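> What follows is a structure written as C-alpha cells; I'll ask about it next.
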Amino acid sequence: MNSLLKIFVAASIATLCSAALSGVSSTIGKEAAKAVEAAAQRSGRNFESEAAKKVAIAEAERLASAHGNGVLKVVEDGGLEIMPPIAKYGDDFVKIAAQASPEGRRMLAMNAQDLLPLARRVGVDAVELEAKVPGQASHLFQLFGDDTGKAVAKNVRTEDLPRFIKYGEKADSEGTRNLLLKTYQKEGPSLFERIPPKVILSGGLSAAMLVGTYEATAEDRAKADVLKKHPDIAREVMLHATTVNGIVGGIVILVLIFGLLWRFGLMPGQRGKP
C-alpha cells in the first residue's frame, strides 16, 4: 500500500509539473508569435506561407529560451533581420541590442557585421550614432578617435552631424578636430555661420580659424550671456535706450522746427525778412 501511495504521489507531481511547463510554453509561444508579427511589420514583409511563419515563431521561442524573454522585444524592434545575428553572436549581441533604442536595434539588424565590433569597442553610442547618420558611425570614430567620437555622438545635434563630420574631414590635425568639438560645444550651430562651408571646402580648417572665430565674438557673447541671465538688467537697458532715444528725437524735432522758422523768416526779429 505504501508503494502504491508513493507511485500515486510521484505521478501526481509529474502531471502537475507537466501542466505547469505546458502553460509556460504556451505563454512563451504567444509572446513569440506577437513579437514575430511586429518584427514582420518592422521589416515591411509578409510571410510566404503559414509554415514560414511557424518556423519564425519557433526560432523566436528558441531564442527566448536561450537568452530570456527580453530578447523578444529586441526581435520586435529589430525586425526579422535581427534573428540570424542573435543566433550567430549570442549573448554578446543581445546585451548590446538590449541597451540600444528601437532605431539602434534596427541598425544592428541591418548591419551587425560592421556595427557589432565597433559597439564592442566603444559601446552602444556607436549604434545610436549610426541610427542618427546611417553609414557614418565607423567613419566618424575613425576620424575623431574613440573618446572624442563618443563625445561627438552625445553633444552634436543630429541635424548638425553631417556638417560636423565634413568639417572634421577638412581639419588639418587631430588637435584641430578636438578643438572643433570644444568650439561647437561653446557656440553651437552658429559656428557653421561664422566659418561658412565654402571657406572650409576651399582652404580646410585650422585651429587658428576656430580660435579666431570664437575670440572675435567673445565680448558680444559675454554681454548677451549677462543679459540672458539677468533679465532685470535687460529691461533697464531697454528703458534707458528708449528714454535716450526719446530725448534725442525731441531735440532733432526742435532743431528742424527752428530751422524751418528761420528759413522762412518767422523767428522773432526776422519778420518781413524771408
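> Under 7 Å between Cβ atoms, at least 6 apart or on separate chains: pull out the pairs that start in the range 128-150 with a residue that is touching a residue at least 40 places away in the same chain (Cβ under 8 Å) and end on any residue that is part of a helix (DSSP H, G or I) and surrounded by 19 or more Cβ atoms within 10 Å (Cβ to Cβ).
Listed by first residue and then by second, the contacts come to nothing, as the list is empty.
> For Leu140, indicate whether it is assigned by TED's automatic domain parsing to the domain that holds Lys30 and of a type in the set (A, V, I, L, M).
Numbers: assigned by TED's automatic domain parsing to the domain that holds Lys30: no; of a type in the set (A, V, I, L, M): yes.
Considered against the rule, which asks whether it is assigned by TED's automatic domain parsing to the domain that holds Lys30 and of a type in the set (A, V, I, L, M), Leu140 comes out as no.
> Looking at the range 45-66 only, could you name the residues that are within 27 Å of Asp92 (Cα to Cα) and among the acidic types (Asp, Glu)?
Glu59, Glu61
> Report yes if some residue within the range 7-19 is at pLDDT 85 or above and surrounded by fewer than 16 Cβ atoms within 10 Å (Cβ to Cβ); otherwise report no. Break it down stepwise before answering.
First pass over the range 7-19, keeping only residues at pLDDT 85 or above: none.
Checking the range 7-19: not a single residue is at pLDDT 85 or above and surrounded by fewer than 16 Cβ atoms within 10 Å (Cβ to Cβ).
The values are calculated or read from the model by the stated rules, or taken from the named source; none is laboratory data. Since we're looking at a predicted model, the values are computed, not measured. Here Cβ is always computed from backbone atoms with ideal geometry, including for glycine, and neighbour counts include all displayed protein chains.
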